[in-house]
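Peer 1: Sharing a structure with you now.
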Amino acid sequence: MSTGPDIYLEDAELLDREAHAGDQFLLRLKAPKCARHARPGSFVHLRCDPGLPLRRPFSIMRAGPRDGWIELLYKVVGTGTRLLATKQPGERLSLLGPIGRPFRTHPERPRPLLIGGGVGLPPMIFLAETLRADRRFRPLVMLGSEIPFPFRPRPSRYLIPNLPPPVIAAMPLLDDWGIPSRLTSRLDMPGCFQGYVTELARQWLQGLDAAVRAEVEVFACGPHPMLAAVAELAREFGLPCQVSLEEFMACAVGGCAGCVVRVQGETGPTMQRVCVDGPVFDAHAVFSGHPEGTKADEG
């Protein structure tokens, strides 16, 4: 059943479920229509349990259009995700998606810097996998987390100039794809940068010459304070930057306007809906003058 342009309501079968440290779960769902139309940055609105009337939004981490599956990575934070964590393979979940405007890449910026923090990792993985198929791009991925990563970090096979040699931990999946990555945390994890992901990104950008830096575009998803710091970092180095926002939402199709954010336009600020006008926005428009909060009811 279609609910709009390339948005579908599907009775998705749970194919696989992995539990990871920190109350994190990776789900693979059979949702052929969503998988066929999903793009990096798009999300699904999922009914976590038949007893819960409101759906929850989840970013898509990967999609297999040929086999008709999508993967979602999430952390248990409330009633809905706690109930979702009890679901087992074979059960079915009502899914609406894919929803939202995706990331947009530009060949004139062939060195994408992908920055993901916490539950903001999934869109960066999806974007990295998409860029992998386009030889014009040479992405670098930096992922930060204050809880254990939902994978076992391993030393990267790829050297990255301008970074401290001890910072060598990488996401195995990205390494296998031939995409260099680095991990950051304040948990003193071996091989990880001990600090914020934006601090490591700054070190890398500072070491680039002007011509190489002019080829960089920044993409990010994570908590609002991290995104504000990423926007400021991009502004400092004069780089374009796109961010994927994560907000609570009731309908996810633009009807309730419960997820509006303040966005700076050419003629002044406007209110836009994260679900359908986003979730991907120009970082400089979202965080212009409002570095710590973008909700319409703030300020």
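Computed from the coordinates by the stated procedures, all read-outs in this text should not be read as laboratory data. Because the structure is predicted, anything quoted here is derived from the model rather than measured. Cβ atoms come from the backbone with ideal geometry, glycine included; neighbour counts cover every protein chain shown.
Peer 1: Do you know the relative contact order of segment 111-286, to the nearest whole percent, from alpha carbon pairs under 8 angstrom that are 6+ apart?
Peer 2: Values: 338 pairs, mean separation 34.0, N = 176.
19 percent.
Peer 1: What full-extension length gain, to one decimal in nm, is calculated for Met189 and Leu208 as 0.36 nm per residue of separation minus the Cα-Cα distance?
Peer 2: Separation in residues times 0.36 nm, less the Cα-Cα distance, equals 4.2 nm.
Peer 1: Please compute the contact order of the chain in relative form: average sequence separation of alpha-carbon pairs under 8 Å and at least six residues apart, divided by the residue count, as a percent.
Peer 2: Details: 696 pairs, mean separation 47.4, N = 299.
Reported relative contact order: 16 percent.
Peer 1: Taking N as the number of residues in the chain, what is its alpha-carbon radius of gyration divided by 2.2 N^0.38 Å?
Peer 2: On the way: Rg = 18.5 Å, N = 299, 2.2 N^0.38 = 19.2 Å.
The value comes to 0.97.
Peer 1: Which FRET efficiency value, to the nearest 0.05, is calculated for Glu199 and Asp49 with the Förster distance at 51 angstrom and r the Cβ-Cβ distance?
Peer 2: With a Förster radius of 51 Å, E is 0.80.
Peer 1: Based on other C-beta atoms within 10 Å, arrange Thr198, Thr270, Thr105 from fewest to most.
Peer 2: Thr270, Thr105, Thr198
Peer 1: Lys/Arg Cβ at +1, Asp/Glu Cβ at -1, dipole of the chain taken about the Cα centre: which of Leu14, Ser181, Gln242 is farthest positive-ward?
Peer 2: Towards the positive end, the residue furthest out is Leu14.
Peer 1: Just grab the label-to-label distance for Val253 and Glu13, each label 7 Å out from Cα along the Cβ direction, in nm (one decimal).
Peer 2: Going from the Val253 label point to the Glu13 one covers 2.6 nm.
Peer 1: Between segment 214-259 and segment 129-187, what is the C-alpha centre distance in whole Å?
Peer 2: Distance between centres, Cα-based: 21 Å.
Peer 1: Under a crude label model (7 Å from the Cα following the beta-carbon direction), how far is Glu91 from His106 in nanometres?
Peer 2: 4.5
Peer 1: Additional query: List the chymotrypsin sites (Phe, Trp or Tyr not before Pro) within segment 202-259 that fall in a DSSP loop (any state other than H, G, I, E or B) and whose Cβ has at most 12 other Cβ atoms within 10 Å.
Peer 2: Sparse-neighbourhood loop chymotrypsin sites (Phe, Trp or Tyr not before Pro): Phe248.
Peer 1: Under the rule of at least 5 residues apart or a separate chain, name every residue whose amide H is placed under 5 Å from the amide H of Trp69.
Peer 2: Placed amide hydrogens put Ala31, Gly64 under 5 Å from Trp69.
Peer 1: State to the nearest 20 debye the size of the charge dipole of segment 70-205 about its Cα centre, where the only charges are +1 on K and R beta carbons and -1 on D and E beta carbons. Display every interim value, and only then the final one.
Peer 2: Details: 18 positive and 10 negative charges, 49 e Å.
In debye, rounded to 20, segment 70-205 gives about 240.
Peer 1: Simple spin-label model, 7 Å along Cα-to-Cβ: Arg82 to Glu266 in nm?
Peer 2: Taking the simple label geometry, Arg82 and Glu266 are separated by 4.9 nm.
Peer 1: Give the aspartates and glutamates whose C-alpha is closer than 19 Å to that of Lys75, dropping any in the same chain fewer than 8 places away, or say none.
Peer 2: Hits, sequence-local ones excluded: Asp16, Glu18, Asp23, Asp49, Glu146, Glu246, Glu247.
Peer 1: What is the dipole size for segment 1-91, taken about its Cα centre, with +1 at each Lys and Arg Cβ and -1 at each Asp and Glu Cβ, in debye to the nearest 20?
Peer 2: 200
Peer 1: Farthest toward the dipole's positive end in segment 111-286, which of Gly222, Gly117, Pro150, given Cβ charges of +1 (Lys, Arg) and -1 (Asp, Glu) about the Cα centre?
Peer 2: Highest projection toward the positive end goes to Pro150.
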